[in-house]
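All of the numbers you see were taken from the coordinates with simple rules; none came from a lab. Everything numeric here is computed off the predicted structure, so don't read it as measured data. Cβ placement follows ideal geometry from the backbone for every residue including glycine, while neighbour counts extend to all protein chains displayed.
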Amino acid sequence: MKKLPILSAAFLLLIATTAVIGQNTRFSDPDTVIKDEFWGKLYADGGQSFFCNTPFTSKGFLLTDGYVYPLADIRSALSCGTSRQCEQNNRYRQIASDLHNMVPVRNRIEMQRRNVRYDNIGDVAKPDECGIRASAQFFEPPGRVKGDVARTMAYMVSTYDLPWLGATSVFKGWNRQDPPDDNELTRHRRIAEIQGNENPFVNNPEQLEQL
């Protein structure tokens, strides 16, 4: 009879350990991560901008570090105050330092995405040169990264207990429509090497259906 409490405690410890491993526990200084890990390692040799797929060899003045789950929405979910106030919040600093959520984005597009939600807009708006459809309230990424957005959103929601920024059904549809390609898988493996954890929805996209 005495073994049961011990086994229960061990099981709870295993769950807690798994939860910790499943999130960024290595970085908690967003500014340093952006400079040293994001631009300094992940994109040290250049790459393609996330939404427009425009090649680049260095950051340049047209690109910025973007966030699939915008930082403003993270601050709102945590209720930690202004950006300056949230910088003193350890939980916010950890989430804001997560490389799985960071992508290279054109400055114009990052400004455009503020205070919008992800959705299928359809013919309501014409696609721009990057294939983006946007309105005052909603943002529909080009088809080739819809799955990337969905899997990153699922990671942020499940890992950090954040709210969905759009209908769950939309993200599930995008996940099915755009499965992980070589670019996403290569980027994911590189982030796992740098940060020490994976996005389970990239390795197993079918898990998103369970959310």
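Structural remarks
- When residues in region 91-128 are screened for being at positive phi and either part of a helix (DSSP H, G or I) or free of Cβ contacts under 8 Å to residues at least 40 places away in the same chain (or both), 1 of them pass.
- Residue within region 129-142 that is surrounded by fewer than 20 Cβ atoms within 10 Å (Cβ to Cβ) and assigned to a helix (DSSP H, G or I) present: no
- Every pair of residues 6+ apart whose Cβ atoms lie under 8 Å, when the first sits in region 25-40 and is in contact (Cβ under 8 Å) with a residue 40 or more places away in the chain and outside any helix (DSSP H, G or I) while the second is surrounded by 17 or more Cβ atoms within 10 Å (Cβ to Cβ) and of a type in the set (Lys, Arg): 28/93; 29/93
- Exclusive hit being surrounded by 13 or more Cβ atoms within 10 Å (Cβ to Cβ), in contact (Cβ under 8 Å) with a residue 12 or more places away in the chain and touching a Lys or Arg at 6+ places or on another chain (Cβ under 7 Å), set 197, 183, 175: 175
- Filtered by the rule that a residue be surrounded by 19 or more Cβ atoms within 10 Å (Cβ to Cβ) and in a helix (DSSP H, G or I), region 41-86 gives 42, 74, 75, 86.
- Among the residues here, residue 162 qualifies as closer than 24 Å to residue 29 by Cβ and buried (at least 17 other Cβ atoms within 10 Å of the Cβ).
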